[in-house]
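One structure below.
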Amino acid sequence: MINFLSKLADAIFNQRLPCLLVLCLSLLPFVAHAALLIRISEGKDEHVQIELKTTEGESICTGRNGQVFNPALGTRKLSDTSYIQALNSEATDGAQYLKAARMGGGIYMYLPFFFPARECKEPIFEFEAKHILWAGKWHADKITLTLDEAKGKAIFFTNELTPTVQGSHYFDPAILEPTLTKLQTAFQKISTFYRDTFNFNAQNELGIVTAIVRNKGSYSGYGGDSLNIIRMSYDNPTPAQVLKLDEILPSTFAHELAHKLQTDGLHNRPLARFIVEGQADFLKIVVMFNSGLISEDAAKNQIRKAASECEKFSDARTLHEKFAQNSYEFREPYDCGMLYYFVAYYSSGLQTSDFVAAFRQAMRNENSYGGKENDLCLLVESTCHNERLLGVVGDKSQLKQQILWLESVLQNNPLPSLNGRN
């Protein structure tokens, strides 16, 4: 009977049979699926195990392709109730986030990739592991999440008996002493600075994962994500690079925490990536210097390096033209963005506290931040009158003039100094 009604409803919805509204509505409950439980745990041979069941014992829902999950995800169907997902610490297919990746002794997953087909009603995620990092806290054995709770979020879990943790911060066991202690000290200083200066507490509902990643990629580099979990990983480091983790990863942490001060509205702006990453890299240098983790000379040299890299990226096009064509280098928003905001700072004529106050408003995507928007241009507005900033986003010759100006400024002026809350 249910099968007959399902076919009848399909025919009606495809306009092969006429239907009264009352009859159509009466058919819907018969073809709806029961709530779906998605149980996720660590599987064998570097896979995540995904088991499915319905709360009422009915058949498992599927999409039009007969799969519960998007086949582009790479999830392999073993049976109607069992899937596996290979762990991969490389972002593939242009994905913005890692899907499911080995991080130290645990697994990091970006949950929206594992949302089931639309036909699946009221899905519930259930994670099973000895230790589960969620909402800035560690949970033991099991945790359940609704679809709404999982939106835009990541989760980390591990079956290690005694994982290396500091509060809500997980450290890969491959990070050995004395590097581990240096990292923990640096991360604590950065967290304290953000709390005391920007009134942002990294321990509130925020998890942190730091790991060395060994994968099949023919590259060595570091990076991270800034979601409900800040993930920082170094892919395939050489032995010499492993010894410098305590110099590299704190800078990454300061950058990722800066993103937590930004609002989503920034991503809707024409030069969104330039603004978002440029702001974070500017603040990264300010935080690292003011928290005592790098010297003023070292900080200025990082600004100079960013300016040099930015010049290498430049050509006869303006930044606006590059973004309109979507033809800019991966590092360009970071290096050129950092350069832009230091030129903005030194050309503003403002006291550091006043500039930072305006900068914080711009990070929140506020169109008004002190009444000097056309001069500060902290959101790269089309109404900008600041010739120096227009030069930074201009062509190669215009950019070079501003790099030379900034160099003269760095030689004769101190870096932004923050003492107290802004």
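The values are calculated or read from the model by the stated rules, or taken from the named source; none is laboratory data. Every value quoted in this text rests on a predicted model; they were computed, and no experiment measured them. Every residue, glycine among them, receives a Cβ derived from its backbone with ideal geometry; neighbour counts consider all protein chains shown. SASA here: full protein model, heavy atoms, side chains in, ligands and nucleic acids out. Shrake-Rupley method; radii C 1.70, N 1.55, O 1.52, S 1.80 Å.
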### Task
Go ahead and set up a Gaussian network model of the chain, Cα springs under 10 Å, then flag whichever of PHE323, PHE125, PHE274 fluctuates most.
PHE323
### Task
Would you mind giving the three semi-axes, in whole Å and largest first, of the ellipsoid equivalent to region 314-393 according to its Cα gyration tensor?
23, 12, 12
### Query
Mind ordering 98-104, 202-208, 70-76 by average Cβ neighbours within 10 Å, highest first?
98-104, 202-208, 70-76
### Query
Counting only protein heavy atoms and using a 1.4 Å probe, what share of the accessible area of region 292-411 belongs to carbon plus sulfur, as a whole percent?
46
### Message
Given the whole protein assembly as supplied and a 1.4 Å probe, what does the accessible area of GLU387 come to in Å², nearest 10?
### Response
130
### Expected-Rg normalisation [2.2 N^0.38 Å, Cα atoms] applied to region 72-186
1.18
### Query
Do you know the relative contact order of the chain, to the nearest whole percent, from alpha carbon pairs under 8 angstrom that are 6+ apart?
10
### Task
Provide the gained length on full extension for the span GLN188 to THR81, in nm with one decimal, where the gain is 0.36 nm per separating residue minus the Cα-Cα distance.
34.1 nm
#### Entry: Proximal aspartates and glutamates relative to LYS372, as straight alpha-carbon distance under 20 Å, when same-chain residues fewer than 8 apart are discounted
ASP354, GLU381, GLU387
### Query
Carbon and sulfur together cover what percent of the accessible area of region 153-204 at a 1.4 Å probe radius?
53
### Query
Tell me, in nm to one decimal, what length is gained between LYS151 and ALA316 on full extension, where the rule is 0.36 nm per residue of separation less the Cα-Cα distance?
55.2 nm
### Query
Can you list, bin by bin at 10 Å, the percent of alpha carbon pairs in the chain, starting at 0?
4, 19, 25, 22, 15, 9, 4, 1, 0
#### Entry: Hits among lysines - C-alpha to C-alpha of LYS189 under 23 Å, sequence gap 8 or more where chains match
LYS137, LYS244, LYS260, LYS284, LYS300
#### Entry: About the Cα centre, charge dipole magnitude for region 202-300 (Lys/Arg +1, Asp/Glu -1 at Cβ), debye
240
### Query
Out of PHE289, ALA254, ALA306, whose Cα points farthest toward the positive end of the dipole of region 226-371 (charges: +1 Lys, Arg; -1 Asp, Glu; placed on Cβ)?
ALA254
### Message
If the only charges are +1 at each Lys and Arg Cβ and -1 at each Asp and Glu Cβ, what is the size of the charge dipole of the chain around the Cα centre, to the nearest 20 debye?
### Response
280
### Query
How much accessible surface area, in Å² rounded to 10, belongs to the heavy atoms of SER353 with a 1.4 Å probe?
60
### Summary
Out of ASP196, ASP395, ASP45, a Gaussian network model of the chain with alpha-carbon springs under 10 Å gives the largest mean-square fluctuation to ASP45
### Query
Which angle from 0 to 90°, rounded to the nearest 10, does the C-alpha axis of helix 396-412 make with the longest principal axis of the chain?
60
### Message
Less than 18 Å apart at the alpha-carbon level, and either on another chain or at least 8 residues along: which lysines does that give for LYS53?
### Response
LYS77, LYS121, LYS142
### Message
With a 1.4 Å probe and all protein chains kept in place, how do TRP134, TRP405 rank by accessible area, largest first?
### Response
TRP405, TRP134
### Query
So who's got an amide H within less than 5 Å of the one on ILE143, skipping anything under 5 residues away but keeping other chains? H placed 1.01 Å off N, in plane.
PHE127
#### Entry: Accessible area in square angstrom per residue, the chain, 1.4 angstrom probe
48
### Message
With 21 Å as the cut-off, how large is the P(r) tail for region 270-422, expressed as percent of Cα-Cα pairs?
### Response
39
### Message
Just to confirm my numbers, what's the Cα centroid distance between region 297-331 and region 86-151 in Å?
### Response
35
### Message
7 Å from Cα along Cα→Cβ at both ASP45 and ASP395: what's the point-to-point distance in nm?
### Response
5.8
